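J.: Following this message is one structure expressed as structure tokens.
The values are calculated or read from the model by the stated rules, or taken from the named source; none is laboratory data. These numbers were taken from a predicted model, which means no experiment stands behind them. Cβ atoms come from the backbone with ideal geometry, glycine included; neighbour counts cover every protein chain shown. Only protein heavy atoms, including side chains, enter the accessible area calculation; ligands, DNA and RNA are left aside. Shrake-Rupley method; radii C 1.70, N 1.55, O 1.52, S 1.80 Å.
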Amino acid sequence: SQKIEQNSEALNIQEGKTATLTCNYTNYSPAYLQWYRQDPGRGPVFLLLIRENEKEKRKERLKVTFDTTLKQSLFHITASQPADSATYLCALGGQGNLIFGKGTKLSVKP
Amino acid sequence: GAGVSQSPSNKVTEKGKDVELRCDPISGHTALYWYRQSLGQGLEFLIYFQGNSAPDKSGLPSDRFSAERTGGSVSTLTIQRTQQEDSAVYLCASSLGGLAAQGETQYFGPGTRLLVL
């Protein structure tokens, strides 16, 4: 069955460092992958989409890579800030509905 | 403009009761999705409406769950004879075109937190 895993439930880093979150998947060939941010008590908010033929996407301090051979996406936040603290979800798409990972809770300490 | 809204924001009910959860999508969005998010779990797809097409109900966990979308806008998710395992956050999302295969961005509401005692 399709499976999507995000590297860890929680990630703690120091302000100013780069946060790297991992999303791995099996038994799926996504046409695209999306990353969302979710704050406590709120719904997810879309951040970035990367398609299967794209290796890298950037948006301000965010960078996403997509390796369809490794079946992995990396999500980077450079120069992290305490305001970046949230849960980040990856989602696979292209074969019907989106399949979401459980998320990684990022905490950025000042 | 206004985003996706959901009501109620919180709902506490007794086991065996029926509940109705409401979703108001963004105006003009043709697609509407319902998800369930349990503690420590990812978003679980429940049902998808696209325009006037028959809904994709493949994610509904049992026949106690049903949903409708009236007039292509507001949607109601109904859970009959609620069980304790139904306790979760129910999230609604809408998108402009709705073709998931094309990577449409989904805009989520704040969710309804359901607690079944």
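J.: Need a quick list: strands (runs of 3 or more DSSP E) entirely within region A:1-92 having at least 2 residues that are more than 17 Å from residue B:106 (Cβ to Cβ).
T.: The strands (runs of 3 or more DSSP E) meeting that bar are A:3-6, A:10-14, A:19-26, A:56-59, A:62-67, A:72-77.
J.: Of everything in region A:80-101 that's facing chain B (nearest Cβ under 7 Å) and not aliphatic (A, V, I, L, M), which residue is surrounded by the most Cβ atoms within 10 Å (Cβ to Cβ)?
T.: A:101
J.: What about residue A:66, is it closer than 30 Å to residue B:5 by Cβ, buried (at least 18 other Cβ atoms within 10 Å of the Cβ) and among the aromatic types (Phe, Trp, Tyr)?
T.: no
J.: Quick one: would you say residue B:89 is of a type outside the set (Gly, Ala, Ser) and more than 13 Å from residue B:17 (Cα to Cα)? Walk me through it before giving the result.
T.: Values: of a type outside the set (Gly, Ala, Ser): yes; more than 13 Å from residue B:17 (Cα to Cα): yes.
Against the criterion (of a type outside the set (Gly, Ala, Ser) and more than 13 Å from residue B:17 (Cα to Cα)), residue B:89 qualifies.
J.: Here is a follow-up. Residue A:44 - would you say it is within 12 Å of chain B (Cβ to nearest Cβ), at pLDDT 95 or above and open to solvent by less than 70 Å² (accessible area, probe 1.4 Å)?
T.: Yes; evaluated as a whole, the condition is true for this residue.
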